[in-house]
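What follows is calculated from the coordinates using simple rules that are stated; it is not laboratory data. Note that the structure is a prediction, hence the values are computed from the model and not measured. Every residue, glycine as well, gets a Cβ built from its backbone with ideal geometry; the counts of neighbours run over all protein chains shown.
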Amino acid sequence: MTARQVVRLALVGLGTSVVPLDTAVNIAFPDITESFGLPIETIQWVVICYVLTYSSLMLAFGRVGDIWGHGRVFRIGLLWSGAAYLLCAAAPSYGWLLFCRFLQGIGASLVVSCAPALVTGLYAEERRSRAVAAFTVMYAIGSAAGPLLGGIFVELWGWPAVFWFRAPIALAALLFLEGLPVVSRHAARETVDILGAILLAVGISALLLMLNRLQSLDKHQFAAIALAAAGLSSLIGFVRWETRIAQPIVNLRFFRTLGFTAVNAASVLIYLTSFSVLLLGPYYLVRATSVSVPVAGGILAVSFAASIVASPLAGWVIERVLAARVAVLGAFLAASGLVLMGAAGQTIAVSGALAVQGFGVGLFQVAYMDIVMQTLPLHQRGVAGGIAMLGRSLGTVTGATLLTLVFHAAEAISVAGGNAPTDAFLTGFRATFWLAGAVCAGAGLLVLLAARRPQRFPKIRGPRA
């Protein structure tokens, strides 16, 4: 790469980092709940309002980037995100904070949907796996720095700081980025599938909200049924519409291949289970250990630091072996780390478990993104990036709901058995991580079974020049 390309890559990484830096918010969960006088279970809405928004818009904005230019959409996302961070920090109530998180989700979707396409465009196609590894490293650096910076900032200035510190980063990347790819003449003649985007957004949002209602099904039974019906109807309508129009958001024929569908399903499961670290890890470290908030943030960052180490290694290995094999290895390592996390009792043991889990996730996500990027054509790199990031987002939102449900169920059973609140918390913690480990291993098995038949990955072959 030339020096100019390196600088451009660094600036794209700087701009993209504002999204994974949202892990800083997780270490602020205890301070947010305390500031607004909220029970623990309500904190999930801080995650859901944000991730649900950018999950439902990811594919649509990726398609917009393919048509209008990835650089243009990326810049709009940076400007929008900078404003949203300041609004979140100034939120006077919990309700306003949730609304501002919705606005933040729009900005994150604009940024992340086009970032993978911008990064892969800086590399030759035969070095695509290295481009994917570079993007993954940049994303992991942001994720790793989030808890550490968040812990320091919460200690100094309280929870609003985990939002406002990202506004200057977004604006700096916006000011210095130049020379990003412009829209091609062919793409300029295409149109955005607005109806498909609406159907997809409604379908994803309704089904994820339905999952959330499962936590209080006795009180929200009608709402859960209505949301399920609306979500399924919208997604069925989306599938039918996409198969009829000439320029769909995504060509659904790729999902007819068992291997491609299996690896996308596995991606959702990997990120679903991985979110247990950010959901319950802060509460465990603050309540069950004697570490300070900044130290707790540093411990949580171990998982992402391990992903940083694993990502370039994965990019190098994928040039020589099937990406699906790397994905399987990563899934099983991540599962082992989650099981060890449930059994850990000391902060050193927790750090070791997080290192194993993060290393496995790093291997998997590079392999997974390479599979998606290789399967879709070059002119749909925005959509490919959207699909790859959508798996992460759907897993996170689903994890926020289902893992909370599992944790509280196990905790309630322990309390009913006469255990003290602290012991009940640890029981719920262990049960959640052990179940997450089992599901994560199941994701690896899913890819393994599909990869045993190479023809199930029609465009995915072994070594590349």
Order of Asp22, Asp370 - criterion: other Cβ atoms within 10 Å of each residue's Cβ, fewest first: Asp22, Asp370
More than 12 angstrom apart: percent of Cα pairs within the range 1-53: 71
Cα-derived Rg over Rh, computed across the range 286-376 with Rh taken as Kirkwood radius: 1.09
Mean Cβ count within 10 Å, highest first, over the residues of peptides 353-360, 75-82: 353-360, 75-82
Sequence ranges 385-394, 421-430, 91-100, ranked by mean other-Cβ count within 10 angstrom, highest first: 385-394, 421-430, 91-100
Mean Cβ count within 10 Å, highest first, over the residues of peptides 53-62, 306-315: 53-62, 306-315
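When you have a sec, figure out the Kirkwood radius of the range 238-320 from all distinct Cα pair distances and drop it here in Å to one decimal?
16.6
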Within the range 19-40, backbone nitrogen closer than 15 Å to the virtual label 7 Å beyond the Cα of Thr289 toward Cβ: 27
Three-way shape call for the range 55-105 based on the alpha-carbon gyration tensor, with the a/c threshold at 1.5: oblate
Free-standing Cys, the chain [no other Cys Cβ under 4.7 Å]: Cys49, Cys114, Cys440
Cα gyration tensor shape of the chain, rounded if a/c is under 1.5, else prolate or oblate by comparing a/b with b/c: rounded
Separation of the Ala246 and Ala83 label points, Cα + 7 Å toward Cβ, nm: 3.5
Mean shadow area of the range 15-129 over all directions, Cα convex hull, nm²: 7.7
